[in-house]
Structures are given as structure tokens and as C-alpha cells.
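No lab work stands behind these numbers, since they all come straight from the coordinates. Keep in mind that what you see is a predicted model, and the values were worked out from it rather than measured. Cβ sites come from the backbone with ideal geometry, for glycine too, and all protein chains shown count toward neighbours.
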Amino acid sequence: MDTNTTHHTSPALRIGDHLPDFEARSTVGPVRLSDFRGRWLVLFSHPADFTPVCTTEFVELARNAGEFERRDCALMAISIDSLFSHFAWLRMIRDRFDIEVRFPIVEDPTMVIGRAFGMVGPQDHDSAAVRTTFFVDPDGVIRAMTSYPANVGRSIPEMLRTLDALQAVDRGEGLAPANWQQGGTLLKVPTTSLDDVFAAKDGTSWFLQENSK
């Protein structure tokens, strides 16, 4: 995907889809999405620079950048603001909060990427109502997605928890139950054998059982 080329809006992306490739300018220089293959990636949109909720998100993401790096996960943001608007905003964040945002922020002034990724509606003139996050695995496959309105910020601990859970289940350790945290007990994958179902000690243990690993 070239941001200088007109594209039709793609069908809505879903979990299990490969994230379409693109190349664009960012605050760390030109970036190509496919260059991040081989590691995890959290790609997220924000409504606009110099907005209160987005500013708090970027401060917290910058403070936790080492936690994502420790999980071999890159961060990349995208918005319709220009590169120089991004620069000015990051300078303000550094001066106000004494922290530097070093992960790339992509410019998307024509909304080509945002529309292709379903971050911006086909009839929208701006992205103010969109706060989307894609959790992308090392093969470039979307493994989880979240969307929030412009007036509600993301939870950085929940982003890390989601990443931890995806990586744990990929290692074959089981299924992540509600409220699972890194180091917690996972669930066994249910049996697909009717004999195992009939042989289970009770009516639930064949499908709901903690993993003893």
C-alpha cells in the first residue's frame, strides 16, 4: 500500500486476517509494515495530536515501552495528522512529562491507511471517533483487536495482558481464562473424544480443567 495512491476501502479486517502491508513516513523515518515480520507488533490509531486522552496514552505507552520490548513486541501509532504535527506534539510531551516517545508515529493525512484498515469510516472526514488497536503476530496475522471511542483511553496494563495471553497460548500452554495474568494458571484445551467425555470424573472436567503444566 502506497499512501500516495488512491485505494478503495477494504472489507473490514478480522482476527485471523493478514494485516495489509504499507509504507509511509513516520517520526522515525520511512517505515514498512512488513519490516516488522518476525516479531509481535501492536499497531494502534489515535484520533488526533494535541488531544488530552491521546496525550495520556502516549505518555503511558512511552513509560512502558520497555515492557513491550521485553516481550519482543514493537509499537506503531497512526493518525491523520501530519509528520510535523507529530513532531511538535512529541516535543510538547517531552517538555511537559520529561519522557521521549521513540516508537514510530505514522502520518496518514489522506486517510488511505485508516480507511483500508477500517480505522476510519468510508464517509468520515476525520478519525476523531476511532481508537483501534491491532495485535499482530510475527507472521503478520491479526490475533486480537480492540476499539474505543475518542473520549475513552486504552488501558496499557490490559494491552500487555492481552499480549502475554496471546504469547502464552501460542507456546501451547493452554487457554487463557478470564482475568488471566502472566504467571497464572491456564486451562486445558477440551477433549474432542466422546470416550474421554464419558470417562470424565464429573460433568464439567472434560472441558473445564486447569492445565497442570
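For this structure, a couple of remarks:
- Measuring how big region 63-175 is from its alpha-carbon positions, Rg and Dmax come out at 15.5, 45 Å.
- Under 5 Å between amide hydrogens, built in the peptide plane, is the criterion, and for residue 40 it picks out 74 among residues at least 5 positions away or on other chains.
- Packing rank of 96-109, 175-188, 199-212, where each peptide gets the mean count of other beta carbons within 10 Å, highest leading: 96-109, 175-188, 199-212
- In terms of overall dimensions, the chain has a Cα radius of gyration and Dmax of 19.7, 66 angstrom.
- Remark: region 172-213 carries a charge dipole of roughly 100 debye about the Cα centre, counting +1 on each Lys and Arg Cβ and -1 on each Asp and Glu Cβ.
- For region 145-213 versus region 74-124, the spacing of their alpha-carbon centroids is 33 Å.
- Fraction of antiparallel bridges per DSSP, the chain only, in percent to nearest 5: 60
- Compared with the dominant principal axis of the Cα atoms in the chain, helix 156-170 is inclined by about 50°.
- Under 11 Å, Cβ to Cβ, from residue 55 - net charge with Lys/Arg +1 and Asp/Glu -1: -2
- Helix 83-97 vs. the chain, principal-axis angle (Cα, 0 to 90°, nearest 10): 70
- Cβ-Cβ FRET estimate between residue 182 and residue 83, R0 fixed at 25 Å, reported to 0.05: 0.10
- In region 1-115, the convex hull through the Cα atoms has an average projected area of 7.3 nm², a quarter of its surface area.
- Hydrodynamic radius by Kirkwood, which averages 1/r over all alpha carbon pairs of region 172-213, in angstrom: 11.1
- Entry note, the chain: relative contact order of 23 percent, from Cα contacts under 8 Å with a spacing of 6+ residues.
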